[in-house]
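Comments concern the structure below.
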Amino acid sequence: MIRDAVPADLPRILDITNDAILNGTALWTIIPATLESRTVWMRDRQSVGLPVLVAEHEGSVQGFGSYGPFRPHDGFLHTVEHSLYIDTAAQRLGLGRAMLGALIERAQAHGKHAMIGAIATENLVSITLHERFGFTQAATLPQVGRKFDRWLDLTFMHRLL
């Protein structure tokens, strides 16, 4: 089940965020998030009408997703960049498909024109998921990020809505 996040979901959102920070390359930061920072993030997004969605499975939050501005300039007003994260224990259950579909539907309903995903090039599962939803690889930027003492490539995926 995909639904709008509520403040009670923040501890699970924080857990999933910090697992991605500490153990993966989906988030290119090394400093764990705090409950306060995730609270501010969710409040800021929701206060301007941006979605923060959660994926529930068997009664608990197992993932979350959102989108926000692609760039801060007026010319990019109709383009959004999304992100989604699924708890490692709940991967391969279809939650990523459900979340991406819901984010696309929400963006379409809000009159957005294009959606961008920025994905670590090594994350073939995410790239394949996006391709199944009609995203195409627009560009790969080699060695633009660094985590776990190695350089990372970034692939931009693009879809018109």
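What follows is calculated from the coordinates using simple rules that are stated; it is not laboratory data. Every value quoted in this text rests on a predicted model; they were computed, and no experiment measured them. Cβ: placed from backbone, ideal geometry, glycine included. Neighbour counts: every protein chain shown.
Applying a DSSP loop filter and a limit of 16 other Cβ atoms within 10 Å to the trypsin sites (Lys or Arg not before Pro) in region 1-97 leaves Arg92. Mean-square fluctuation check for the chain, GNM, Cα pairs under 10 Å: which of Gly59, Gly24, Gly101 is largest? Of Gly59, Gly24, Gly101, the Gaussian network model singles out Gly59 as fluctuating most.
Ignoring solvent entirely, what values of log10 I(q)/I(0) come out of the Debye formula for region 2-160 at 0.08, 0.14, 0.16 Å⁻¹ when each Cα is a single scatterer? Debye curve over Cα of region 2-160, log10 I(q)/I(0) at q = 0.08, 0.14, 0.16 Å⁻¹: -0.22, -0.71, -0.95. Its relative contact order, with pairs defined as Cα atoms under 8 Å and 6+ residues apart, puts the chain at 19 percent. Computed over the chain with a Gaussian network model linking Cα atoms closer than 10 Å, the most mobile of Gly145, Gly94, Gly68 is Gly94. Spin-label model, Trp151 to Thr121: label points 7 Å out along the Cα-to-beta-carbon direction sit 0.9 nm apart.
The magnitude of the dipole of region 2-160, with charges of +1 and -1 set on the Cβ of Lys/Arg and Asp/Glu and taken from the Cα centre, is near 260 debye. Remark on Ala5: its backbone amide H falls under 5 Å from those of Val52, Leu53, Val54, a criterion applied only to residues 5 or more positions apart or on other chains, H modelled at 1.01 Å from N.
Just so you know, the Cα atoms of region 1-85 work out to an Rg and Dmax of 13.2, 42 Å.
In region 9-30, whose amide N lies under 16 Å from the spot 7 Å out along Cα-to-Cβ of Glu56? List them in ranges. Residues 9-13 fall inside that zone.
Between Ala109 and Asp15, the distance separating the two model label sites (each 7 Å from Cα on the Cα→Cβ line) works out to 2.7 nm.
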